[in-house]
1. Over the stretch 120-232, what relative contact order in percent results from Cα pairs under 8 Å that are six or more residues apart?
2. Match the structure shown to one of the listed values (i) 26.3, 93; (ii) 21.6, 66; (iii) 28.0, 92 of Rg and Dmax of the Cα atoms in Å, computed from it, and give that label.
3. Which one of 120, 73, 195 has the biggest mean-square fluctuation once the chain is modelled by GNM with Cα springs under 10 Å?
4. By its C-alpha gyration tensor, with a ≥ b ≥ c as the square roots of the eigenvalues, how is the stretch 247-360 shaped: rounded for a/c under 1.5, else prolate for a/b larger than b/c, else oblate?
5. Could you check which residue among 340, 17, 262 shows the biggest mean-square fluctuation in a GNM of the chain with a 10 Å Cα cutoff?
6. Take every Cα pair under 8 Å in the stretch 7-88 that's 6+ residues apart, average their separations, divide by the length, and report that relative contact order as a whole percent.
7. Along the Cα→Cβ direction, 7 angstrom out, place labels at residue 250 and residue 31. What is the inter-label distance in nm?
8. Which chymotrypsin sites (Phe, Trp or Tyr not before Pro) does the stretch 139-192 hold that lie in a coil by DSSP with at most 15 other beta carbons within 10 Å?
Amino acid sequence: MIADVHVVVPTHEFDADLDALTGELGFRIDAIFPADSPSTAVISAHGTRLRLERRVADVRVDPLMIHVLTDDRAGGVSLPGGTQIEFRPATTTVTLPENRPSLTISRNDGESGVGRAGMRYRDLIPDRWGGRFIASHITIPEAGPVPDYVHFHKIRFQLIFVKAGWVKVVYEDQGEPFVMHAGDCVLQPPEIRHRVLESSAGLEVIEIGCPAEHETIADWSLPLPNDRVDAGRDFGGQRFVRHIAADASYHPWRLDGWEARDTGIGDATAGLAGARVARPAAAGDGPRGTGGKIVHDAELTFLVVLRGSLGVETDRADGTVLGHGDSVAIPGGVAYRLADATADCELLDVTLPAAPTVSASGR
């Protein structure tokens, strides 16, 4: 059984460091010894226990860096013994890097790396558009419980779409755990607590987030499911969305000859982002196109082929065929055309904003 944990702070300036820590920085002495000539002090504050230890002059000391989270102070101080105290904001905000879009095509080549909770990640936008966006194809090969924990993300936008298999999840204020099946998705609004509980073998998920680098923070104080149920709760200006594919209906998409089911994310984010699943609307078994090129003013248009295949032509690259699991991120201002979609083609379509302006292009 572990009784305590100390972070050792070695110093050549024991007395001066102890005075600074217990005075200006508000630490209290929990233990100090030996009484006649103290060389060790255990001190605590703000959930942290430090063990200040005197070192003789000829013993090397590598100073530590200690972060103190507070909204009342900025900058930092150096203790007489060299340890650095850096004051950082306790309340952090989402910082959006400058958007640096590039036409990005990702192939479903099976390459992936191990990420959080043992899940495997394939990066769909490797250059992250300057850090603005991240898109991942996440897989869990084995069925069973997922070693996850209650956590939240400091994000601007985050979508989770189940591409294959099923996954059991639970969300703050949204009632009992539920199972998401292929075609279902959720909008995870900023800082909603959640946890992945269990999955089928071969689970595949598409996750899209903004910004690319964001904090994932564990919350050990809130067990899920929690007692409160508030489906319409506001989380940073957004509402939680659970879209069930089996209950959805299709309507005309923004491209002629296609139809789409809307996930409701546009309404839940007040127009910040939208997500749809699109498919060719025409009956029959043959391939079909969509007419001339179009151009949009979106911050991001991201398409993932869920089934079938289609061609993509742009004014910046030669035409290419996208197959099952391939994706393309299209910057605003790039003219493009979708062509020769197979009858079974399905696309996940994510845009920021929810309803970008689309016009015909002469290019």
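Bear in mind these aren't lab numbers, they're just calculated from the coordinates by the rules spelled out. Since we're looking at a predicted model, the values are computed, not measured. No Cβ is skipped: glycine too gets one built from the backbone with ideal geometry, and neighbour counts run over all protein chains shown.
1. Relative contact order here is 38 percent.
2. (i)
3. Answer for the Gaussian network model of the chain: 73.
4. Oblate shape, in that a/c is at least 1.5 and b/c is the bigger or equal ratio.
5. Between 340, 17, 262, it is 17 that shows the largest mean-square fluctuation.
6. 31 percent
7. Calculated label separation equals 7.0 nm.
8. Numbers: sites: 149, 152, 157, 161, 166, 171, 178; in loops: 149.
The qualifying sites are 149.
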